1. Assess whether I248 counts as being β-branched (V, I, T) and surrounded by fewer than 22 Cβ atoms within 10 Å (Cβ to Cβ).
2. In the range 291-320, which residues are charged (D, E, K, R), touching a strand residue (DSSP E or B) at 6+ places or on another chain (Cβ under 9 Å) and without any contact (Cβ under 8 Å) to a residue 12 or more places away in the chain?
3. Within the range 165-209, track down each residue that is part of a strand (DSSP E or B), over 25 Å from G242 (Cβ atoms) and touching a residue at least 24 places away in the same chain (Cβ under 8 Å).
4. Just checking, does the range 242-255 include any residue being within 25 Å of R138 (Cα to Cα) and either hydrophobic (A, V, I, L, M, F, W, C) or not in a strand (DSSP E or B) (or both)?
5. Can you name the condition, by its number, that E288 falls short on among (1) touching a strand residue (DSSP E or B) at 6+ places or on another chain (Cβ under 8 Å); (2) closer than 26 Å to L362 by Cα?
6. Working only within the range 319-352, note down all residues that are charged (D, E, K, R) and open to solvent by 20 Å² or more (accessible area, probe 1.4 Å).
Amino acid sequence: MDESATWRLLESDWYSPRRLHDCPTHYSFPGDRFLPNRCLMDLDKAHTLLTSKTPQFNTSSNFNQAYRQKLIENLSLDSQGRPFKIMVFRGSPKSSRKSIRFVDELRQEVAAIFEKDCKQTPYRCIPKGEKRVLDAPRLRNDYYSNIMSWGINNILAVALGPELYLWNSEDQAVHKLLQVRGGNDWPTSVTWSEDASTLAVGYMCSNLQLWDVESSKLIRSLQGHSGRIASTAWNGHILTSGSRDKSIINHDVRAANSLASCIKRHADEVCGLKWSTEGNRLASGGNENLLYIWEASKMSSSKFLHRLSDHCAAVKALAWCPYQNNVLASGGGLSDGCIKIWNTEKGICINNIETKAQICGLEWNRHHKEILSGHGYSIRENQNKLCLWRYPSMTKVGELGNHKSRIINLCQSPDGITVISAGADETLRFWDVFGPPTAGAGNSMVSDLQGLLSFRTSLLR
């Protein structure tokens, strides 16, 4: 046998359990705390203690006989002095079963009460009437116009025929900003800048103006379009305008030559524009039933991200979801009547609701997962109504509306609670439809009272 084989035999014999038992080696350390050292064990004594029927007590223990007797009694007798065995299965005591059943019954009762309250208590108390009604004489009955905007300065700008008015929601003061001379021109789009320092006004005769509201002065006029400008949207210092001439123009309002890019992809009038919350994407809707999604970084090349052709009528109503940046809602005209929810990352429609009415405006609820739609003409239902839909299920929560003619525009207050609907009946109606949840059922009485007191009409001018 060679030397290496001899060494392996000795090594295996050295670590065998028999070797450790016959010739135990004494070490000064106790071994690993998880893997005990067998050479420190007295296996014979352990086997005797495990197999012996009579318990062995160490007579050298410091505990006296009285303590041992007390310990035995506590381990072998119950509280009433009756013997019992440790770890024997007897089933649960009756008192324990009763307590467990009581807890289960209590949980079922609480669940039943909670379910009953959920059924009886509405998700939120939807107002039965308007909070306020403003008279808006000469408001034009034009589906394609966007004549209303509410800035973060809490001032509502609204175009009434050839005139544009500012209404302060804090003190209800009314100020006329401008009036167009001549009968062939009037404001067709109104949009506040993000900081509410500038008001952009597009006109029927292709003019685009920037106004300083504080001084009531015209800052500058922007050129580039040759037809009606019915839609405008701000993205920082970029003002985007859409026109009947089928073009979309990005204006850099800081530059002397403001025209940053011009896109001509739509085959008909551009009637809807909306920048995403992050400002990286633009949605544009056209009168040829098409919806385009553009990336801000590629607009100069006129290359679109998605071209969506699911609508069957003009696409004016556009709204980006405030809590899902890549989700867009769009609404079609009378021949379509559908609200479509889009995943703009993939360019697919993730939900579609047939409202059976012309969709003139869409507004997301920033406090709850809901979206509000404003409707115009209809041959079946929802005519001149406001409809509230729960997102993402798109089930109808309720409907509101006292307009006597179709709704033209919707806009939302800076705090995200009030929505204004502009109707062809020449009224502006304020709805506190996006308010926070009600605290209890008692608020329904307050809501009913507000509904009765809401029919207060005041003149805008």
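The values are calculated or read from the model by the stated rules, or taken from the named source; none is laboratory data. Nothing here was measured: the structure is a model prediction, and the numbers come from that model. Methodologically, a virtual Cβ is constructed for each residue, glycine included, from the backbone with ideal geometry; neighbour enumeration extends over all protein chains shown. Please note that ligands, DNA and RNA were not included when accessible areas were found on the heavy atoms of the full protein model with its side chains. Shrake-Rupley method; radii C 1.70, N 1.55, O 1.52, S 1.80 Å.
1. Working: β-branched (V, I, T): yes; surrounded by fewer than 22 Cβ atoms within 10 Å (Cβ to Cβ): no.
When the stated conditions are applied, I248 does not pass them.
2. Of the residues in the range 291-320, the ones charged (D, E, K, R) are 295, 298, 303, 307, 310, 316.
Imposing the further condition that a residue be touching a strand residue (DSSP E or B) at 6+ places or on another chain (Cβ under 9 Å) reduces the set to 295, 303, 307, 310, 316.
K303, the sole residue that qualifies.
3. Those that are part of a strand (DSSP E or B), over 25 Å from G242 (Cβ atoms) and touching a residue at least 24 places away in the same chain (Cβ under 8 Å): W167, V174, H175, K176.
4. Going through the range 242-255, the residues within 25 Å of R138 (Cα to Cα) turn out to be 242-244.
From what is left, the residues that are either hydrophobic (A, V, I, L, M, F, W, C) or not in a strand (DSSP E or B) (or both) are 244.
Looking through the range 242-255, at least one residue is within 25 Å of R138 (Cα to Cα) and either hydrophobic (A, V, I, L, M, F, W, C) or not in a strand (DSSP E or B) (or both).
5. For E288, the exception is condition (1).
6. As a first pass, look at the range 319-352 and keep what is charged (D, E, K, R): 336, 340, 345-346.
Within the range 319-352, D336, E345, K346 qualify.
This table checks each residue for (1) more than 23 Å from L291 (Cα to Cα); (2) surrounded by 16 or more Cβ atoms within 10 Å (Cβ to Cβ).
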position: E354; (1), (2): no, no
position: H368; (1), (2): yes, yes
position: N402; (1), (2): yes, yes
position: S405; (1), (2): yes, no
